[in-house]
1. Only one residue in Leu123, Leu109, Leu158 is part of a strand (DSSP E or B), modelled with pLDDT of 95 or more and touching a helix residue (DSSP H, G or I) at 6+ places or on another chain (Cβ under 6 Å), so which one is that?
2. Restricting to region 1-49, count the residues that are part of a loop (DSSP other than H, G, I, E, B) and among the polar types (S, T, N, Q).
3. Identify, please: which residue in region 49-64 is of a type in the set (Phe, Trp, Tyr) and closer than 15 Å to Met230 by Cα and is, among those, farthest from the chain's Cα centre (by Cα)?
4. Identify all residues within region 234-257 that are closer than 30 Å to Phe179 by Cα and either more than 14 Å from the chain's Cα centre (by Cα) or surrounded by fewer than 24 Cβ atoms within 10 Å (Cβ to Cβ) (or both); write none if there are none.
5. Can you tell me which residue in region 199-233 is surrounded by the most Cβ atoms within 10 Å (Cβ to Cβ), limited to those that are small (Gly, Ala, Ser) and within 18 Å of Val87 (Cβ to Cβ)?
6. Output the residue which, of all residues in region 15-48 that are under 19 Å from the mean Cα position of the chain (by Cα), among the polar types (S, T, N, Q) and closer than 18 Å to Ile70 by Cβ, is surrounded by the fewest Cβ atoms within 10 Å (Cβ to Cβ).
7. When you scan region 146-165, how many residues do you find that are within 15 Å of the chain's Cα centre (by Cα) and closer than 20 Å to Ile93 by Cβ?
8. Go through region 16-53 and count every residue that is in contact (Cβ under 8 Å) with a residue 60 or more places away in the chain and among the charged types (D, E, K, R).
Amino acid sequence: MKREEIKVCILRVGGTNCDAETQTAFEALGVQAEVLHVNEVVKRRNLLEYDALVFPGGFSFGDYVRAGVIWAKWILAKLGKELKSFVEEGRPILGICNGFQVLVEAGFLPAFEGITPYPEAALATNYPPGYNCRWVYIKHENSGKCIFTWKIPKGRVLRMPVAHSEGRFLFPKEKERQFLERLYENDQLVFRYSDKNGDYAEGSFPINPNGSFHDIVGICNPEGTVFGLMPHPERAFYWWQQPDWTRQMLMPQCGDGKLIFESLVEYLEKKF
């Protein structure tokens, strides 16, 4: 597929944010990106016209009940069959921050045995509690399965911003070790919180900004085509988005978030 033919759908509902920044990131790479309210997608029934789907960040429906759950249940009721077909056909889905929460609540992640009718994990209230907005370091743990990070060498440390109140990744206590082992066995673990040298946070704040189990930042499904992460790559796409760009002696050409989008676009170019 030619790059200019790739079509990305960025979904929007009340409370989402950074959809425009996400669109800008894709368009900067030469692909078509459209922001659509989910009501339009339901009306048109055209989800399968797109090559990739993005659930952006924000606070969908005010994050009432818990983060992402209302949007997850709503979209399964309205577009469940289309979404499952999207995944089964190997079309990529990216969930950023609130989008990650939606994918977990909808059973699309971690999806050890496929899409589940109930969540297998949770993104709980931060510990320490409260809204946390800061730049963090994340270490790439994937060995190549995740199509959103295949261009990033394993072990590389990236820097991106987080902005959330409910980002503490958890498994059921009685299944923590079992599910963690499956993440490693299936190469589904993608990023962990670390310091700038790559040493893991081991739960320590603020290196781990939310208390996530095993310092987990982001995971993918067993096929590597559905990926969710708490940091915002679209807010770290350009060099001038970095908080200390005026103090750096040698400025990189782009921010680390660009690697996420580039990996997806180049995958689509080769795959289809």
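1. Exactly one of Leu123, Leu109, Leu158 is part of a strand (DSSP E or B), modelled with pLDDT of 95 or more and touching a helix residue (DSSP H, G or I) at 6+ places or on another chain (Cβ under 6 Å), namely Leu123.
2. Filtering region 1-49 for residues part of a loop (DSSP other than H, G, I, E, B) gives 1-2, 6, 13-15, 17-18, 29-31, 45-46.
So of that shortlist, the ones also among the polar types (S, T, N, Q) come out as 17, 46.
Residues in region 1-49 being part of a loop (DSSP other than H, G, I, E, B) and among the polar types (S, T, N, Q): 2 in total.
3. Taking region 49-64 as the starting set, the residues that turn out to be of a type in the set (Phe, Trp, Tyr) are 50, 55, 59, 61, 64.
If we keep only those that are closer than 15 Å to Met230 by Cα as well, we get 55, 59.
Details: Phe55: 8, Phe59: 15 Å.
Only one residue tops the list, namely Phe59.
4. Just the residues of region 234-257 that are closer than 30 Å to Phe179 by Cα, to begin with: 234, 256-257.
Hit for region 234-257 is Asp256, nothing else.
5. Pass one, region 199-233, residues small (Gly, Ala, Ser): 201, 203-204, 211-212, 218, 224, 228.
Then keep just the ones that are within 18 Å of Val87 (Cβ to Cβ); that gives 218, 224, 228.
On the way: Gly218: 28, Gly224: 22, Gly228: 30.
Ranking the candidates gives Gly228 first.
6. Asn17
7. Initially, region 146-165 is screened for residues within 15 Å of the chain's Cα centre (by Cα), giving 146-150, 158-164.
Subset that is closer than 20 Å to Ile93 by Cβ: 146-150, 160, 164.
Counting residues in region 146-165 that are within 15 Å of the chain's Cα centre (by Cα) and closer than 20 Å to Ile93 by Cβ gives 7.
8. 2
The values are calculated or read from the model by the stated rules, or taken from the named source; none is laboratory data. Quick caveat, the model's predicted, so the values are computed rather than measured. Using ideal geometry, Cβ is built from the backbone for each residue, glycine included, and neighbour counts are taken over all protein chains shown.
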